[in-house]
Structures are given as C-alpha cells and as structure tokens.
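The values are calculated or read from the model by the stated rules, or taken from the named source; none is laboratory data. Values in this document were obtained by computation on a predicted structure and should not be read as measured data. No Cβ is skipped: glycine too gets one built from the backbone with ideal geometry, and neighbour counts run over all protein chains shown.
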Amino acid sequence: MAELTYREAVSRAIAQEMERDPSVYFIGEDVAAAGGVFKTTEGLLERFGPKRVRDTPISEQAIIGAIMGAAMNGLRPVAELMFSDFFAVCWDLIANQIAKTRYMTNGQVALPLVIRTANGGGVRFGAQHSQSVEGWAMAIPGLKVVVPSNPADMIGLFAAAVRDPDPVIVVEPKVLYASKGEVPDGEVVDRLGSARVLRRGSDVTIAALGAMVPRSVEAAESLAGDGIDAEVIDVRSLVPLDATTILESVGKTGRFVTVEESPRLCGWGAEVASIVAEDRFFDLDGPIVRITTPHIPLPAADALEDLAIPSAAAIAERVGATMD
Amino acid sequence: MTTTTEPIADEQVRLGMYRMMQEARLFEKRAQDLFLEGLIKGTSHLALGQEAVAAGFAATLLPDDLVYCTYRGHVHTLLRGAPMGALMAELMGRANGICGGKGGSMHLTDVAHGAMGSYAIVGAHMPIAAGAAWAAQERETGQVVVCFFGDGTTNIGAFHEALNLAVVWRLPVVYVCENNLYMEYTAIGDVTAVANPAADRASAYGLEPVVVDGNDVDAVYETAVRLVERAREGGGPALVEAKTYRQGGHSRADPAKYRPADEVEAWLARDPIPAYRDRLLTSGVEPGAIDRVEREALELVDRATEEAKAGPYPDPEALGTELWADGGSAWRS
C-alpha cells in the first residue's frame, strides 16, 4: 500500500493501462508537455513518448471525434476533456455519435474509448468551470458513467473503463485532486457497475457520489454522536447502476437519502430515488430525501459557493431532521 | 477546375465507374418509387446527379480503406461494396437490412466493406474520419480515409477543427466536399463568405485548393488517384471541392421550388451518366458492353428490391439488443 493523492492516482491509472496495452493512446489539451492543467498527467509524455501522449489544439469536437474514429480503427484511445463544462461544445460527438453508433449499426461498430473529465465545484471557478454534469451523460443511452471518489477507485475504475468494450466517461471531482488515499501496490482493476458500502449502519441509507462521498462519511460520523447510525454508499457507477446494493441497504434501514452535488432538477439521485420508490416502497419508514445543490449556476465567491454545495454539516443536519 | 482531357483510367476501370453510376442511379430511383408506394418510411436524401463524385473515388480505393459520408449516403455506401439487397432492406426497415433496421436511410453502415457510416449531424464525421486516419497512421496500416460531406458542412465548426487537426497531425485523410450548390433549401452562396466554400478555405489550413468537375467521373478519378495515393504515401491530408448538382430536393419532403428553372435545366443537361455514356462510346467502348452494364444494373436493383421486400420485420427482441458490446441494453442491476 502507498498513500497517493487523487491527482497522482490519475497519472498512475493512465500509465498502468498504457504500459499494459500498446493500443491505449492519450490525448487532450495541455496533457503532454504541461502535464495537465490540474497536474494529473505529469510524467506520461516522458514515459510513453509524444505519439501516445499528445497535446491537441483547443478543439473539443476534434478531440472527441478523433478518439471515436480511432476506436473504430483499432486503438483504445483516452481523451481528457479539461473541464466537464466543455461537454457543451462537443456534445454532438458524445451524445449523437459515440453513444448511438453501436446501436444504430446493430453492433457493427464497437467504441472502446474513455473520456476523462474534471467535474464539479468547490474551487471558486464560477459557473462555467464548476458544473456537475454527470447527469447529462447518464441521460444518454449508450454511455457508461463512473465517478471515482478516492485515489484507489480512480485507478481501478479507470482501468475497468479502458478495458471495457463500450464508451465510458470517467468523471473526476476536481475538488478531490489534492485529497489522499491508500492505493494497493501492483495492478489495480475494479469493476464498472459496482457501488460500495463505506460505512455500515442500521438507521438510514445515504447514497453519495464523487465529492459528496467524503462529506457524507463525515456527516455519518457526526450523526453517530447523535445516536443515528447511518449507512453510507458510494454509488461510484451511474451507468451501469448497482441498484442491488442500494436496495438491499434500504431494505435494512427503511430510510433513504441521496447526496448530490449537481443542481436539483434531474440529478442522478432523482433516478435512484424513483428506483427505491418503485422497488422498496413498502420497506420505507419515511419519505425519500434528496440533498442537492440548489437549482442555480454555481457562484464564484467562496462564501456563496460553500452555501450552495452540500457540506458535511448540512448533510448531517438534513439527515437528522428526516429521522424525527 | 480539373476537367478531363485525356482520361488516365483504362477501359475496364471506366466501364466499372459507369456501372457504379448506373447501379447508384437505379438504386436511388427505385428507393424513390418505394417511398411513393409506402414501403420506405421516414425520410431519404437522394444523391441523384452526384454519382460521379462517389464513383470516381470508389474506383480508387483499396479494400482496407475507410469511407465516411453523410445522411446523403446511399450511393457512397453502395459503391463501397455494401450488398444492395441489404441496403434496400435497411431503407425498408427490415430485419435483413444492413443495420437490422436500426439505422435507416440516414445511418447506413457496412464495416465489413469499409463503409464506416453515414452521419446525419452535419460536420460530425469530419473529426471522426480524422481519428480513423490517426489510428491508420499509428498502426501503420497503409489505409487512407475518405470523408465526403456537403457544401453546408463548410460553415460548421467541426469542419474547421477537423481540417486543422488533420494537417497538424499530417493524417492520411482526403476530405471531399460535394458542392451541390444548396445547403438543404438555401443556396450555399447566399450564406457563405467565399465563392468556393471548401476550396477557398483550404489555404487557411495550408492545403492546396482543389476544385474538380464533380459531374465528370474521369476528372474525379484523376483527382482521387493523385490525392489518395499522396495521402497513402505519407503526404498528408487533402481537401477537394467537387462541383456538382442535386437533381432533386434536399429530402423526400422538398420539391425544391426555390431553384431557378434555367439552373435546373442547365444542370440536368450536364447529368453525369448520359454524358459519360456518350464519352465511352466516342472513345471506342463497344455499345454492347454498355448495354450489358445497364441491363445488369437493372437486374441487380430488381433482385435487391425483391430480397428486401421478402425480408421480415425486425423481431421485437431486437429493440433491446446491441446497445452494449455484451449484446444487450441493461443499465442497472
């Protein structure tokens, strides 16, 4: 075991897969010579050379289109989309082309590709560089979406994404890049479509994603002091979704809360809540609660942004209130 | 503009291109009839009058080369070698369609023949074609990628992003603008800053401006041979503007009344197929050989139509297949 930062885990993840498979290529804006604007890809150019680790122009349609075409012709490419907000300038390639091509061609075209992207707020960048857009991707049939919340998951889920024969979007909460965690030695490979129970509890199930995971764990510890025993699930994978783990937990606790960084409408938690309502209605002892960012663009000022995104204290308070 | 003086192709190649154009024309006219009969639904975008662009390039390419085209893509897919019956069946929404009925007229794909898809969002396939060429370059496969697009594409961002990347990475891709004078219902000249929408942009990317008579299959072939082989040898990408004309409307729903009658008349007089027939006869091709091509093309279209009509409708189970590589469409446990 070694302690790594999340940003170190990103470069280790990419290196692990590029070392293993010569058909893995990595492109993006400022990813090679500069090592990434978040310093998540340092050392890759030196290790794998300028053909496999390549800087692109600021042309998100070209970047995403290029990895799609390359995946159609024998590579397993990985692209970095610097900020997930930039989905908005290449969404045609992702939503109309990459997501639909396998189905439209009745399986003739496989697209084993990965798009990694820095997502979410907490870094005072303002509304156009802070969005949580995992829900955009989740809404399109044909895209797999994972959100690692810690360094070990970053490596394991990224490896699983690269090895998966379908397009996968790896959503990295940028506020976590400096966070640290233990990572096993040697190759780390995880599984798409698997949630993880991080804290066992019997009173309430809290399902969280990405940057909301450590805050939810912190909230659960604080709730324990008030005699509330919360179970915390890191959802990890939106598509495919491990509904089984969530439903089993709700069956045990009888209460369900989602913690989402995205704005309220159509967040991932709405879908998960509807699954719980449909499949476990008679196990519920109270209403399902969604804790989200308000339905606003994120403001830049730290005082305002901190008010908007659910904090550990806010999560604990809201969960506590639902137990009354 | 490149026009023919002395054709570089031998008689066999030229007769082959004539056969391609005949098959393409008869296939699309049949598709038009089947529409009117209600056997093809939805929409379709015919390339009647533009066949010489497709045939001139198709005659140039090798089996492993890859072609990307647009929703006006019946002809490119067919001339790449896709089986005609399966194409017609796809238009008719049958299970024996080339995409099992899931693609339809605007999404014809036959990977086995290097027809890598018809793309229905304008410009999307420009960077995708660059990516396929990038993989060819890295894997040293010797493949060339040819990407066909319409004049309307030259005003969308993906066109410019793709050309820049293709040049910077020196990719083996030939971009071919089929300038049929109209972007959907609007004359391209009315909404474009330059007279030649593709060729006049070439210099912005350090590319040679290439304009070819897209109704002259010998001229297209000559241009294709030069640029495809240059790309294959590592000479980098090319951008071609082929001047041609869409004899019909944008789609099934468009009677194309916005076009001046004299313009339509002038271009119909320049129909690439009868003109080429005359040229072949003048250059000594036996009339019998030409007649045989025409007869066989019609027989092929007849057989394809019967094959398509005989096909079953897709099984209801097909609705949920092939979203994922495991063959299914499950999204939750």
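A compact table of results
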{"quantity": "Yes/no for A:Pro141 being more than 7 Å from chain B (Cβ to nearest Cβ), more than 23 Å from A:Leu298 (Cβ to Cβ) and not basic (Lys, Arg)", "calculated": "no"}
{"quantity": "Cross-chain or 6+ apart pairs with Cβ under 6 Å, region A:158-176 first and assigned by TED's automatic domain parsing to the domain that holds A:Met18, then surrounded by fewer than 22 Cβ atoms within 10 Å (Cβ to Cβ) and among the polar types (S, T, N, Q)", "calculated": "none"}
{"quantity": "Within region B:299-329, considering residues that are farther than 20 Å from B:Gly93 by Cβ and surrounded by 14 or more Cβ atoms within 10 Å (Cβ to Cβ), the one nearest to the other protein chains (Cβ to nearest Cβ)", "calculated": "B:Ala325"}
{"quantity": "Residues of region A:193-203 that turn out to be basic (Lys, Arg) and either more than 14 Å from chain B (Cβ to nearest Cβ) or farther than 30 Å from A:Arg163 by Cβ (or both), as a count", "calculated": "2"}
{"quantity": "Any hit, region B:195-204, residues being under 25 Å from B:Met21 (Cα atoms), surrounded by fewer than 18 Cβ atoms within 10 Å (Cβ to Cβ), modelled with pLDDT of 95 or more and not acidic (Asp, Glu)", "calculated": "no"}
{"quantity": "Residues being in a loop (DSSP other than H, G, I, E, B) and closer than 16 Å to A:Ser249 by Cβ - total across region A:279-322", "calculated": "4"}
{"quantity": "So A:Ile67, is it within 10 Å of chain B (Cβ to nearest Cβ), of a type in the set (Val, Ile, Thr), touching a residue at least 12 places away in the same chain (Cβ under 8 Å) and in a helix (DSSP H, G or I)", "calculated": "yes"}
{"quantity": "Candidate set from region B:101-134 (those that are among the small types (Gly, Ala, Ser), assigned to a loop (DSSP other than H, G, I, E, B) and crowded, with 24+ Cβ neighbours inside 10 Å); member that is farthest from the other protein chains (Cβ to nearest Cβ)", "calculated": "B:Gly123"}
{"quantity": "Residue that is farthest from the other protein chains (Cβ to nearest Cβ), among those in region A:70-98 that are surrounded by 21 or more Cβ atoms within 10 Å (Cβ to Cβ) and of a type in the set (Gly, Ala, Ser)", "calculated": "A:Ser84"}
{"quantity": "All positions within region B:153-194 that are of a type outside the set (Phe, Trp, Tyr), more than 12 Å from chain A (Cβ to nearest Cβ), closer than 27 Å to A:Thr56 by Cβ and surrounded by 19 or more Cβ atoms within 10 Å (Cβ to Cβ)", "calculated": "B:Thr153, B:Thr154, B:Val174, B:Val176, B:Cys177"}
{"quantity": "Any chance A:Gly107 is of a type outside the set (Asp, Glu), within 7 Å of chain B (Cβ to nearest Cβ), over 28 Å from A:Pro310 (Cα atoms) and surrounded by fewer than 24 Cβ atoms within 10 Å (Cβ to Cβ)", "calculated": "yes"}
{"quantity": "Unique residue being within 14 Å of another protein chain (Cβ to nearest Cβ), buried (at least 19 other Cβ atoms within 10 Å of the Cβ) and part of a strand (DSSP E or B) when the list is A:Ile233, A:Ile206", "calculated": "A:Ile233"}
{"quantity": "Sole residue being within 25 Å of A:Glu42 (Cβ to Cβ) and either touching a residue at least 24 places away in the same chain (Cβ under 8 Å) or of a type in the set (A, V, I, L, M, F, W, C) (or both), chosen from A:Gly135, A:Gly122, A:Gly74", "calculated": "A:Gly122"}
{"quantity": "Test: A:Ala224 is surrounded by fewer than 20 Cβ atoms within 10 Å (Cβ to Cβ) and away from chain B (no Cβ under 14 Å)", "calculated": "yes"}
{"quantity": "Near pairs, Cβ below 9 angstrom, 6+ apart or cross-chain, from region A:227-247 (in the same structural domain as A:Ser216 (by TED's automatic domain parsing)) to any residue that is at pLDDT below 95", "calculated": "A:Ile228/A:Met323"}
{"quantity": "Hey, A:Phe256 surrounded by fewer than 17 Cβ atoms within 10 Å (Cβ to Cβ) and closer than 20 Å to A:Thr205 by Cβ or not", "calculated": "no"}
{"quantity": "Test for A:Gly320: is it away from chain B (no Cβ under 14 Å) and at positive phi", "calculated": "no"}
{"quantity": "Selection within region A:171-203 - aliphatic (A, V, I, L, M), over 23 Å from A:Thr245 (Cα atoms) and surrounded by fewer than 17 Cβ atoms within 10 Å (Cβ to Cβ)", "calculated": "A:Ala178"}
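Yes/no per residue for (1) surrounded by 14 or more Cβ atoms within 10 Å (Cβ to Cβ); (2) in contact with a helix residue (DSSP H, G or I) (Cβ under 7 Å, 6 or more places away or on another chain); (3) closer than 22 Å to A:Gly122 by Cβ; (4) not charged (D, E, K, R):
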residue: A:Gly286; (1), (2), (3), (4): no, yes, no, yes
residue: A:Pro294; (1), (2), (3), (4): no, yes, yes, yes
residue: A:Leu298; (1), (2), (3), (4): yes, yes, yes, yes
residue: A:Ala303; (1), (2), (3), (4): no, no, yes, yes
